[in-house]
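What follows is a set of notes on a single structure, which appears directly below.
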Amino acid sequence: MSRFFATGSDSESEESSSAEEITPKATGTAFNKQNLLLSDDEEDTKRVVRSAKDKRFEELTNLIKTIRNAMKIRDMAKCLEEFEQLCRAFLKSKAIVDKEGVPPFYIRLLADLEDYLNQLWEDKEGKKKMNKNNAKALSSLRQKIRKYNRDFETEIANYKENPEQSAEEEEEKEEAESGSYSESEDDGEGVTAKSFMKKKPAAEPAPEASKFLKGAADDESESDDDDDDEIWGSDSTDSGSESEDNEGNAASLALAFLKKAQDGDRQADRKKEERKRRSKRKERAEEEAEEEGLEQEGGEWEKVKGGVPLVKEKPKMFAKGTEINIPVVVKKLNEILQARGKKGTDRAAQIELLHALAAISEENNLGQGIMVKIKFNIIASLYDYNPNLATFMKPDMWKKCLDCIDELLDILFENSNIFIGENIAEDSESLAVSDQPFRVRGCILTLVERMDEEFTKIMQNTDPHSQEYVDNLKDEGRVCNIIDRLLQYLENKGSTEEVCRVYLRRIMHTYYKFDYKTHRRCMGIQGESKSEQDQEESEGEDSAIIMDRLCKFIYAKDRTDRIRTCAILCHIYHHALHSRWYQARDLMLMSHLQDNIQHADPPVQILYNRTMVQLGICAFRQGMIKDAHNALLDIQSSGRAKELLGQGLLMRNMQERNAEQEKIEKRRQVPFHMHINLELLECVYLVSAMLLEIPYMAAHEFDARRRMISKQFHHQLRVGERQPLLGPPESMREHVVAASKAMKMGDWRTCHSFIINEKMNSKVWDLFPEAQRVREMLVRKIQEESLRTYLFTYSSVYDSISMETLAEMFQLELPTVHSIISKMIINEELMASLDQPTQTVVMHRTEPTSLQNMALQLAEKLGGLVENNERVFDLKQGVYGSYFNRDQKGGYQQKQGYQRDSDQRGGYQQRQGYQRDSDQRGGYQQRQGYQRDSDQRGGYQQRQGYQRDQKGGYQQKQGYRGGYRSQNQSSY
Amino acid sequence: MTVYLWTSHVKHIVLSRMQVVMKIIKHYQEEGQGSEVVQGVLLGLVVEDRLEITNCFPFPQHTEDDADFDEVQYQMEMMRSLRHVNIDHLHVGWYQSTFYGSFVSRALLDSQFSYQHAIEESVVLIYDPIKTAQGSLSLKAYRLTPKLMEICKEKDFSTEGLKKASVGYENMFEEVPIVIRNSHLINVLLWELEDKSTVADKHELLNLSSGSHLEKCLQMLMDRVDEMSQDIVKYNNYSRSLSKQQQQKHQYVQRRQQENAQRQSRGEPPLPEEDLTKLFKPPQAPPRMDSLLIAGQINTYCQTVKEFTSQNLGKLFMAEALQGQGS
């Protein structure tokens, strides 16, 4: 493959044509360098795709190179692998090969490889030494190449006859090709310098190539000058001694050098091209090499003198004297854009170019149409700057992007005669200044949406506890502003869908913010300081009204389900955040989101979770403990609240989540400023669970079938119990656990002091906007629930208790106590009656003693045991039945299975014997007083009947309790 | 006093000398609290058809620290020392305290099996401190029945094994009657002590309060019943899967035969026989020993409760009658 370049490498071509393939590395790069230089100075003007042929051939040569390297180190395994790849690549380039003929370098490799393999094969000694892997690879490769070479027999024979000639032919061809390149460059179409550069360096021989390749590969992340540095570095080594001293300080100066050098070389290249065209044979190459050398030196001289400002380059975008008009600019723009998305395209430079283009078009007063178009593209390429979806924009890029969008919006607002749209075809655009309105392809909404996403990404990737985060967050205002402006714009011009989309964006930026202004207004407090008042004035209308307006529009007009779902959720969230509980709840219930949210995509689900949590917290603030508990149960019971709310990833095994998934999940995270305080959430949940669970536990102390209302709460209680030494509570959970214990004893004062104190205030309660009101509500609830718990726990101790005493004990008003106790009596929770004249609660001792309770439990358990036992027995019977049936069925299906069939029968009889066995058991049952007749089944059914009786009896007993109570009540 | 125990060939057990009983009681008083169990070794000899237990010594309580404590070593040392002072040193069994009669356990079964396996006449003495505290000395001697010994030897706890051996919870252990024999001097002392004791002490037996004891019993009974249900569910699952597999097997065999018949009619050789057991691995049968033990334990609980309640009922009737007389 080096021959491929050898022709191009002018200085040593003579030598290289006859030399071994390995030698002409230096020459190869020398040639390559020319191209690089050439490319560098012309890259501004033309960057177009290289031809398919080049690409394919480059691929082939690359592979061939590696194969040759592997051959050198006798790495057969590698050789085999590469060879297979080569075959595949060759197949791929079939179309080109058909057109151009089989490339000689390919044939050469095949021939060489075969010879080489044969040689290795003969070498028995060497083969023995080879390791197993290699030996295996060798034999398989040998077979493969034999087979493969059959297709190229004639070519290989040709080559073997006259290797020199074929090499030369190849060179000629190359020559011709490179000639055509330069021509095409002049024409300004087809292959450009840039592509040339791309191709050649890649095909370069080993060390230099790798060095360069690295540079080329890295250029995504590295900036332009880095890239150039690299090139320059390799250049200098190649071009020999004179440049070596430059290499050291290359870094800083390199850029300037290069540009200069390029400038210098430019003319040289021109000359060279001309010469190339002129001269046909190798001698020409020699000349050229000399010239080149000179020119290069000249270039270097210039470099040393010092940098020329970069600006100089810019105007070169257009040839001097070109009349700059719209078609030219558009053409230029397209040229630039064609490089977009290509590997190795320097995105930063592209952005620069676009800016320059914008400046030019402005200079030349080409009108707003073209401006808008260029702006669109600038923003698009800004987004493109990061190749990876996961990485976020750099701050300066972000700023640029915001500025650009702002400017774009400015233009759009100023010129109402610009029509933009995604569906305006490229051809039907009208950019020229004329009477007709401008028509520009592009979608501002998409750009803004993308910007919003970028903003989220930036926030996700910034450490939320740093100043940087605050700084970034300040941009939120600008983002909102842009969205607002877009909203205004689209309200006038956009379609309904677009309006819906932009509305959703607006909603997304509003729903999670607490409207302090309205809140304060509602509370009747005026803004205290002047700045606050200013702020109030500056803020627009009430966020609730905005939300309402936007959401309702979406409900009415939206046709995509997703936007409406999001809007509903945000609306609910906003309601809940502002303590409009009933609206929020009704909206949630009306939307039926609970039924089908599991079909939504994860971000919507996260939003749903957030909404549910906010709803729960809202219910809690309103004192709807049960609703709060129900709303929070799903999120809290999983123990993955953090993950479900998109506020962080849980540590998990790598098996469960690979790196890819982790990335996806990271992208779903909610930015920190939108987080819901998890501790607050947990506290609200635990406290509501406490208020529900403790009285319930007290009421059902002896109930064997007691169910837990909240598993998590129980878990916390257990954790608390497991502590060997109980100190004063520290964390929020410990506080709740301690409070629960106090409440269990009916000690509301202690409970109160554990739930509401300094620590808990600062940790939890002060986070509510109406902290005081919530605290009052809590105290009240604690008193009530403590009263209930007290009555459940200690009712057995009292004969009667005065309600006044209770009211005093729990600091509740008499009517409240009365109502609570009445409710308990009505719900049959408390076996008591109220004595009106004396205001006392009279207990009815109908609660079973603990021993009785125990016996009841035991009876129940025994019932379960018997049931289980029956099931075992049942199974046996069932199995026999099915066996029997199946035998009968199978009996007439299969005739030859008769023998076995009768066996089965025998088995059945045996089992009947067993049934007789089980009669013994029946005897045992008889002893127990069951009445059985001889028929097994009948007896069994009867037994079931007995069971039912038993249960009935048990229920009767309960009924008796009820009866007793009712008796008492009626007496009262 | 001497304790005589009747083993298989020995008909009854004689606890000679009060000393053995006192030692066991003392051991519990000192070291056992609550549900903790104390254990020790019984020493004695077989005379004619009696097993006389003449001495005992406790096992030291285990603590976390001395995990490397060698029990066997300790026993040997102890017995050697006893021999030096010329006391009976023949190992004839072991004793264990119990908490509300919960002693039928796997551990007891295993250790009694190993005792009985090594020394034929070994017994286990179960001492119930709580009952004793209520006024009646509760000391029982148990041995494994020969049937159970067989099963344990073969380690076959499957359903079939147990069925074959026809071992139920009732005949796992056999109780051996105990006779406590004191020297005349001790008898005299006892009489004297009884004379001296106050009336209240004497009538501890008549205490009417029974709630807590019964509750405790019920509690433990309930736990066992729970375990039993679990076991049954397990067994149920097993038999279900077994029957399912049997069906599959059966179907498979049928299919195979059909196919073979077809092949025969076509003149092809029949398919080779395959190992059915390999194709259908029977599910792991749950060992039944545990449920047997639980059943045994439930039985003992029931016995205790029955005994206790009948006594109490008697007392209550007595009290009622007395009250009627008084009023």
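The values are calculated or read from the model by the stated rules, or taken from the named source; none is laboratory data. Nothing here was measured: the structure is a model prediction, and the numbers come from that model. Virtual Cβ from ideal backbone geometry, glycine too; neighbours counted across all protein chains shown.
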### Task
Hand me the list of helices (runs of 4 or more DSSP H) wholly inside the range B:170-270 holding 1 or more residues that are touching a Leu at 6+ places or on another chain (Cβ under 9 Å) and more than 30 Å from A:Asp874 (Cα to Cα).
B:211-266
### Message
Take A:Lys861 and tell me if it is in contact with an Asp or Glu (Cβ under 8 Å, 6 or more places away or on another chain), at pLDDT below 90 and within 14 Å of another protein chain (Cβ to nearest Cβ).
### Response
yes
### Query
Which number in (1) under 30 Å from B:Phe280 (Cα atoms); (2) surrounded by 15 or more Cβ atoms within 10 Å (Cβ to Cβ); (3) of a type outside the set (Ser, Thr, Tyr) marks the one condition that B:Phe173 misses?
(1)
### Message
The conditions are (1) assigned to a helix (DSSP H, G or I); (2) touching a Lys or Arg at 6+ places or on another chain (Cβ under 7 Å), and A:Tyr696 fails exactly one of them. Which is it?
### Response
(2)
### Task
Go through the range A:714-731 residue by residue and tally those that are part of a loop (DSSP other than H, G, I, E, B) and closer than 18 Å to A:Met760 by Cα.
5
### Summary
Output for Cβ contacts, cut-off 7 Å, separation at least six or different chains, first residue surrounded by 11 or more Cβ atoms within 10 Å (Cβ to Cβ) and among the charged types (D, E, K, R) in the range A:711-737, second part of a helix (DSSP H, G or I) and modelled with pLDDT of 85 or more, reads A:Arg733/A:Leu686; A:Arg733/A:Gln716
### Query
Any residue at all in the range B:100-112 that is at negative phi, free of Cβ contacts under 8 Å to residues at least 40 places away in the same chain and surrounded by 18 or more Cβ atoms within 10 Å (Cβ to Cβ)?
yes
### Pick from the range A:836-858, criterion within 14 Å of another protein chain (Cβ to nearest Cβ) and in a loop (DSSP other than H, G, I, E, B), ranking: surrounded by the fewest Cβ atoms within 10 Å (Cβ to Cβ)
A:Thr849
### Query
What are the pairs, 6+ residues apart or on separate chains, where a residue within the range A:615-636 that is over 17 Å from A:Tyr512 (Cβ atoms) has its Cβ under 8 Å from a residue that is among the charged types (D, E, K, R) and assigned to a helix (DSSP H, G or I)?
A:Ala619/A:Arg585; A:Ala619/A:Asp627; A:Gly623/A:Arg780; A:Gly623/A:Lys781; A:Ile625/A:Lys781; A:Asp627/A:Arg585; A:Gln636/A:Glu682
#### Entry: Meets criteria (at pLDDT below 75, surrounded by fewer than 10 Cβ atoms within 10 Å (Cβ to Cβ) and in a helix (DSSP H, G or I)) for B:Lys278
yes
### Message
Checking the condition closer than 23 Å to B:Leu292 by Cβ and at pLDDT 80 or above, which residue from B:Val253, B:Val188, B:Val225 passes?
### Response
B:Val225
## Note on the structure
Of A:Ser800, A:Ser753, A:Ser786, the only residue that is in contact (Cβ under 8 Å) with a residue 12 or more places away in the chain and either within 14 Å of chain B (Cβ to nearest Cβ) or surrounded by fewer than 20 Cβ atoms within 10 Å (Cβ to Cβ) (or both) is A:Ser800
#### Entry: Flag for A:Ser688 being part of a helix (DSSP H, G or I) and at pLDDT 90 or above
yes
### Query
Can you name the residue in the range B:281-323 that is charged (D, E, K, R) and assigned to a loop (DSSP other than H, G, I, E, B) and, of all such residues, is surrounded by the fewest Cβ atoms within 10 Å (Cβ to Cβ)?
B:Lys281
### Query
Consider B:Gln246 against the criteria (1) closer than 30 Å to B:Met172 by Cα; (2) within 14 Å of chain A (Cβ to nearest Cβ): it satisfies all of them except one. Which criterion is unmet?
(1)
### Query
Quick one: how many residues across the range B:224-242 are surrounded by fewer than 17 Cβ atoms within 10 Å (Cβ to Cβ) and facing chain A (nearest Cβ under 7 Å)?
3
